[in-house]
Amino acid sequence: GKKSDPLIDPHDQRADLDRRARSYLQANCAICHVSAGGGDSQFSLELQVALADTKLINADPVHGNLGIPDAKLLVPGNPGKSLLWQRLSRRGHGQMPPIGTSLVDGRAVNLIGRWITEMAVP
């Protein structure tokens, strides 16, 4: 992607699944998860960063594994082992986003889960 790439509606079923998922992550997560983000975020969810350069794929977590053996930040083809999906899917300890939400965004969980499931395994 490039800086000029526009975000698209993550829930537009006609649009490309990767663009939908990456647009959702840009709009909802990249405020913190950027190369110059606050805290100790080690990966970037900015749309213009190529997926291979996000430091997500098969990357070891720095904030624990939520009790999931062999969990990574993102495991192509396996949302259950992907902490990105796991953290979106829960409320309470380890949830993302960390504040301002008490309900799981079911549409986002389904979108990101499908994106990871259909992702080509490197």
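The values are calculated or read from the model by the stated rules, or taken from the named source; none is laboratory data. As the structure is a prediction and not an experimental result, all values here were calculated from the model. We place every Cβ from the backbone using ideal geometry, glycine too, and count neighbours over all the protein chains shown. What goes into the accessible areas is simple: the full protein's heavy atoms, side chains included, and nothing from ligands, DNA or RNA. Shrake-Rupley method; radii C 1.70, N 1.55, O 1.52, S 1.80 Å.
Table: residues versus (1) at pLDDT below 95; (2) of a type in the set (D, E, K, R).
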| position | (1), (2) |
| --- | --- |
| 6 | yes, no |
| 14 | no, yes |
| 23 | no, no |
| 47 | yes, no |
| 53 | yes, yes |
| 62 | yes, no |
| 76 | no, no |
| 79 | no, no |
| remark: Going through (1) within 13 Å of the chain's Cα centre (by Cα); (2) open to solvent by 30 Å² or more (accessible area, probe 1.4 Å) one by one, residue 60 fails only at (1)
| query | Out of all the residues in region 38-47, is one or more open to solvent by less than 50 Å² (accessible area, probe 1.4 Å), under 17 Å from residue 23 (Cβ atoms), touching a Gly at 6+ places or on another chain (Cβ under 6 Å) and not acidic (Asp, Glu)? | reply | yes
| remark: Apart from one, (1) part of a loop (DSSP other than H, G, I, E, B); (2) touching a helix residue (DSSP H, G or I) at 6+ places or on another chain (Cβ under 6 Å); (3) among the hydrophobic types (A, V, I, L, M, F, W, C) all hold for residue 115; the odd one out is (1)
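Does residue 21 satisfy being open to solvent by less than 80 Å² (accessible area, probe 1.4 Å), out of contact with any His (no Cβ under 8 Å at 6 or more places or on another chain) and either assigned to a helix (DSSP H, G or I) or without any contact (Cβ under 8 Å) to a residue 24 or more places away in the chain (or both)? If you could, list the steps in order and put the result at the bottom.
Details: open to solvent by less than 80 Å² (accessible area, probe 1.4 Å): yes; out of contact with any His (no Cβ under 8 Å at 6 or more places or on another chain): yes; either assigned to a helix (DSSP H, G or I) or without any contact (Cβ under 8 Å) to a residue 24 or more places away in the chain (or both): yes.
So residue 21 fits the description; yes.
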| task | Considering only region 58-72, state which residues are closer than 20 Å to residue 119 by Cα and either among the basic types (Lys, Arg) or touching a helix residue (DSSP H, G or I) at 6+ places or on another chain (Cβ under 7 Å) (or both). | result | 61, 70, 71, 72
